[in-house]
């Protein structure tokens with residue numbers, strides 16, 4: 001049983017409703033998942049989490065939508081979050097995941113968890129070629145002008 | 001060795017510098033931790049994570065600053081993030097943590113990890129009195145007007 | 001369903017009853033949580049765990065009671081122990097936690113879990129200033145007298 | 001430092017060499033990662049793990065190679081296996097991962113770890129629509145013939 | 001509720017039935033656990049996992065059967081897999097585990113989880129005597145003949 | 001680098017020395033591991049942890065010493081505590097663990113981590129026969145006499 005009330009539309013504050021509306025519009029649905037309803041008792045929190053989700057998971061990106069869902073799902077399985085496993089499998093299916101792909105996914109997650117532990121246990125040292133080779137220079141505020149004004153020339157870092 | 005370059009002030013883009021400036025001003029310091037420098041190669045990400053950190057950890061809140069650091073630290077120890085354990089212990093000390101309190105903290109984290117496993121293992125069912133007692137009503141979009149317009153009367157939920 | 005029987009007062013051994021009595025007295029209650037009843041089938045274990053809990057969580061300390069509960073709770077959420085999450089939220093409320101503080105707590109735990117993974121992933125090296133600077137000297141039993149007798153002069157270390 | 005010797009080609013048994021050869025051929029490389037060299041002291045184990053890796057990660061499948069690496073990587077970050085994080089990032093880059101995609105990946109893993117904890121903490125009950133709807137029928141060995149002989153008609157299940 | 005159908009004998013493909021038969025024969029039982037039935041929708045996966053389980057857990061080995069179950073169980077408790085905790089406790093009892101031993105087991109798992117966190121938190125450096133002392137030599141394919149032919153003399157490594 | 005000084009014998013308080021002496025006597029050694037030296041800055045904590053370790057790991061029990069070490073080690077690998085993995089492997093070797101048994105152990109831990117995730121992911125419901133069948137009766141303080149006096153007749157529960 002949830003620790004908080006699952007807020008319904010007619011009970012929600014206008015700030016929460018604005019988020020519900022955005023979710024429904026973004027996802028082309030008239031259904032709001034329980035997790036959003038659970039967060040809705042605190043509209044600023046609801047808004048912050050939805051904004052992140054939209055930014056990271058929905059906005060067009062280099063990684064395709066299904067891949068992004070599978071990454072989120074892999075974390076959720078490893079952390080054993082029941083709700084997340086179910087809701088994100090549902091979302092992944094909407095993006096094209098079928099049973100065959102799901103089985104492949106399951107095997108990778110299982111193998112990775114096994115491989116991780118084998119490797120940790122053997123305390124394998126890292127191959128030279130895997131080290132990115134960045135030399136860590138000490139911090140320097142050189143270039144920062146007094147009172148926060150930016151210097152004239154600034155290169156993109 | 002970090003997977004990315006630790007960006008220095010004079011190499012940073014103006015967006016990243018804006019964040020560096022804000023960190024230095026907020027924390028009354030002229031030093032930028034390696035984690036922020038590591039994130040600085042991607043200024044939008046740096047900005048998002050710092051904004052969250054400021055909002056959740058720095059903004060005046062009901063929980064006092066030291067308590068908030070100890071919560072963050074408890075998670076970091078449980079997840080075994082070396083960098084986070086060290087940097088947040090440093091931050092906690094700035095908020096008043098001394099060796100005696102640190103020892104108390106360590107004992108709680110150790111006991112909690114033991115207690116969690118004992119409890120999981122015994123599969124103890126939840127006492128009635130711990131259940132919050134919220135009845136989960138099904139979702140209803142009742143109250144949502146056509147085309148996203150909000151109804152005239154709206155109560156805070 | 002629990003793996004073990006939840007022992008009731010009239011079924012408990014006198015050693016277990018002594019612990020039940022101590023819990024009820026310490027917490028000013030006549031109710032015993034399921035976890036203690038589950039442990040009661042093995043009175044020495046019950047006694048050991050309660051003794052630790054009392055020592056670490058109840059005894060007056062530098063950290064205040066609510067902070068201690070929140071540390072325990074942060075670990076329990078990260079480990080996803082349902083029973084512990086519920087019972088320790090209940091305990092935290094007894095020490096003054098209200099919904100506003102609870103929301104702040106939730107956001108810190110969520111942010112910390114995200115921050116931990118970002119940091120681990122980037123393999124950020126530890127800043128010099130975060131290193132405690134203790135030089136690890138090799139073990140030496142110097143000062144230990146034969147047959148376990150302690151030397152006359154002993155300084156507190 | 002590894003718990004075991006990193007076996008070199010000229011020290012390896014013929015069974016281990018057969019695996020080394022297969023790795024080099026499969027990956028079009030003349031380099032063997034430290035993890036395989038660490039496992040090589042026990043050729044049957046080395047063989048078993050490589051066979052699984054090949055089957056699950058290399059064999060043509062519905063999921064594309066980069067997606068599979070990112071799933072493996074998401075698990076490795078969540079479990080904080082340093083070696084695995086580094087070696088599988090290296091592998092992902094070989095399959096086309098660049099810095100922009102890597103940043104997107106990092107943000108998903110961070111967000112998922114936060115989202116998992118928020119959800120666990122709120123103990124959100126699962127929406128009906130996320131339940132797969134399979135009715136669990138009790139086990140029945142009906143159809144199994146005596147002495148292990150299979151019945152004549154068998155449908156694919 | 002399972003994400004997949006629990007396959008019954010008469011619905012299973014002949015490949016899945018072959019595995020069911022092997023399980024029943026190996027374990028001298030006519031009952032198939034739900035986990036195998038859940039995997040049976042994908043016979044190659046079912047076969048692979050059962051083959052590993054048989055190889056690692058059932059085949060006569062230096063470690064005795066009960067010890068092997070307790071190792072598996074310790075991992076399952078730490079990962080909080082409800083199904084695994086229950087099914088492997090059941091299996092351990094079949095190999096002689098009784099309540100007294102179970103209590104000892106519980107205490108070790110609890111203590112280890114506490115000890116792990118105390119140690120991580122204190123960032124204790126590793127004692128020299130615990131380092132296995134293997135010098136990691138760089139990879140060399142010396143000894144590998146052209147076109148994959150093995151050299152005449154090969155020593156077991 | 002440790003967060004705390006590694007205390008040497010001649011710097012330790014008499015309470016800490018008493019624990020050092022007990023460790024050396026119990027383990028028939030003149031060497032104190034770094035973890036105990038790290039804890040020695042706070043003698044009550046050192047004493048509590050050593051007392052638990054002795055009680056749970058050293059005291060003669062139904063489970064044999066090697067099995068107990070392997071349980072502790074399985075937890076430590078799953079939690080990825082480097083120090084613990086190394087020190088408890090060392091201890092296990094003292095109790096008879098050799099390379100062959102170690103390999104078997106590694107395979108079980110890897111398989112269990114994979115099996116756990118496969119099972120969690122499939123959300124397999126628990127077989128009836130694995131449920132212990134205890135009916136959870138509500139708490140009742142019946143039998144508790146006023147002012148904490150125990151009733152005359154008490155049965156062992």
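The values are calculated or read from the model by the stated rules, or taken from the named source; none is laboratory data. Remember, predicted model here, so these are calculated numbers, not experimental data. Using ideal geometry, Cβ is built from the backbone for each residue, glycine included, and neighbour counts are taken over all protein chains shown.
Looking at the stretch E:107-129 only, could you name the residues that are in a loop (DSSP other than H, G, I, E, B) and surrounded by fewer than 24 Cβ atoms within 10 Å (Cβ to Cβ)?
Those that are in a loop (DSSP other than H, G, I, E, B) and surrounded by fewer than 24 Cβ atoms within 10 Å (Cβ to Cβ): E:123, E:125, E:126, E:127.
Has the stretch D:36-55 got any residue that is within 30 Å of residue C:110 (Cβ to Cβ) and within 16 Å of the chain's Cα centre (by Cα)?
No: the stretch D:36-55 contains no residue that is within 30 Å of residue C:110 (Cβ to Cβ) and within 16 Å of the chain's Cα centre (by Cα).
How many residues, within the stretch E:1-34, are under 17 Å from residue F:118 (Cβ atoms) and more than 7 Å from every other protein chain (Cβ to nearest Cβ)?
Number of matching residues: 2.
Can you go through E:140, E:145, E:87, E:153 and tell me which one is more than 30 Å from residue B:87 (Cβ to Cβ) and at pLDDT 90 or above?
Exactly one residue qualifies, and that residue is E:87.
Please pick out the residue among B:91, B:74, B:40 that is more than 7 Å from chain C (Cβ to nearest Cβ), touching a residue at least 24 places away in the same chain (Cβ under 8 Å) and touching a helix residue (DSSP H, G or I) at 6+ places or on another chain (Cβ under 6 Å).
When all the criteria are applied, what remains is B:40.
Regarding residue F:66, is this residue surrounded by fewer than 24 Cβ atoms within 10 Å (Cβ to Cβ) and either at the interface with chain C (Cβ under 9 Å from one of its Cβ atoms) or at pLDDT 90 or above (or both)?
Criteria met by residue F:66.
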